[in-house]
Amino acid sequence: MSSLAEFLKGTVSDSLAKVLQPSGLLPGALLVLLNLAFVYPAARAEEVPVAISYAGLASGWQAVVLGTLVLGIGFLLLSASSVILDILSGRVWRSALSSWALRWLRDQQRDGLEGRLRRAQNVQSKPLTAATVEILEWERRTRFVPERRASTATTLGDVLVAAGDATNRRFGMRMTSLWEPLRASVARDNLAVAAADEEKAVMSLSGNLAFVLGFYVLEAAIVLALLRHWNDVLMSLLLLPVAYAAYRITVTKAISWTDAVDTVAALHRDELRRQMRLREPREPPTPARSSSGSRTSCRPTRSLDPTRPRRRPRTPRPA
């Protein structure tokens with residue numbers, strides 16, 4: 001019974017910790033409060049049955065309903081964080097017509113950035129040219145997909161694709177399959193892992209906030225338009241800049257998280273390789289250096305001494 005009790009205690013503790021995580025709880029509470037502040041009064045004024053039923057409850061039961069909604073929506077958002085990330089990165093709606101237009105726009109932005117980079121590299125007389133080139137190269141490397149890859153519909157999608165391509169080139173593993181085994185193989189009190197976890201938590205929080213705000217704007221616009229509260233529709237549209245700001249924070253934190261994962265992988269890749277029983281990478285032979293300091297080939301060369309007898313060619317035996 002003790003083992004069963006410990007198992008149930010661990011399961012309940014993990015579930016409660018997951019429900020109460022800020023990346024799910026705060027967006028869920030924000031969605032419920034926005035509906036309570038703007039949609040509920042209009043629905044009650046138009047005598048919508050759900051709003052009338054909620055208004056008829058006692059204050060204690062109203063608080064119970066709100067708390068249940070906050071916890072339930074927060075748990076759903078936390079469980080669907082990967083799906084929300086796919087929505088924000090454009091993977092879910094890749095076949096939509098708007099995705100094709102946005103991908104074409106991303107290609108144009110990438111071409112424009114590459115043109116600015118070439119012009120900055122050709123200019124040698126202006127001050128701060130080196131710093132400008134470095135900034136443009138960093139932006140090209142982190143915010144856009146490699147040249148041989150097709151652009152995604154959003155900046156977040158390009159950031160994740162570029163980070164995954166760089167991780168695959170450097171470590172021979174994909175970003176999606178690298179982080180969880182790496183996190184499990186390194187001690188929890190490791191500073192690099194703690195920094196990566198913190199960046200991922202903030203990225204999940206800002207991504208869920210951007211998704212919730214966008215969902216609320218769409219929901220409020222439809223419901224309030226059906227109720228013919230046009231002023232409230234315009235008020236709900238004012239949250240679009242806030243949602244876009246949360247999305248830009250998500251993009252910035254995605255870059256920081258991928259950099260943190262790359263740091264952890266560079267520090268602990270040998271330990272991860274041993275635990276996952278991966279084959280050791282083959283290193284090319286280091287060419288020797290001559291007395292002048294230049295590298296010489298590792299391939300054995302034939303002797304140039306004319307007095308040294310040469311081996312006769314072997315004659316094939318008759319069949």
Any chance you could run the full-extension gain for residue 184 through residue 149? It's 0.36 nm times the residue separation minus the Cα-Cα distance, nm to one decimal. 9.5 nm
How long is the gain from residue 169 to residue 79 if the chain were fully straight, where each residue apart is worth 0.36 nm and the alpha carbon distance is subtracted? 29.3 nm
Would you mind pulling out the separation of the Cα centroids of the stretch 202-243 and the stretch 101-164, in Å? 31
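Under the 0.36 nm per residue contour assumption, what length would be gained going from the current alpha-carbon distance of residue 116 and residue 65 to full extension?
Answer, rounded to one decimal: 12.8 nm.
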Say each of residue 215 and residue 92 gets a label point 7 Å from the Cα, pointing the same way as Cα to Cβ; how far apart are those two points in nm? 0.8
What are the ³J(HN,Hα) values, in whole Hz, obtained from phi via the Karplus relation 6.51 cos²θ - 1.76 cosθ + 1.60 with θ = phi - 60°, for each residue of the stretch 74-79 in sequence order, with x given for Gly and Pro? x, 5, 5, 5, 5, 5
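Where a number appears in this text, it was derived from the coordinates with a stated rule and is not lab data. Everything quoted here is computed from the prediction, not taken from an experiment. No Cβ is skipped: glycine too gets one built from the backbone with ideal geometry, and neighbour counts run over all protein chains shown.
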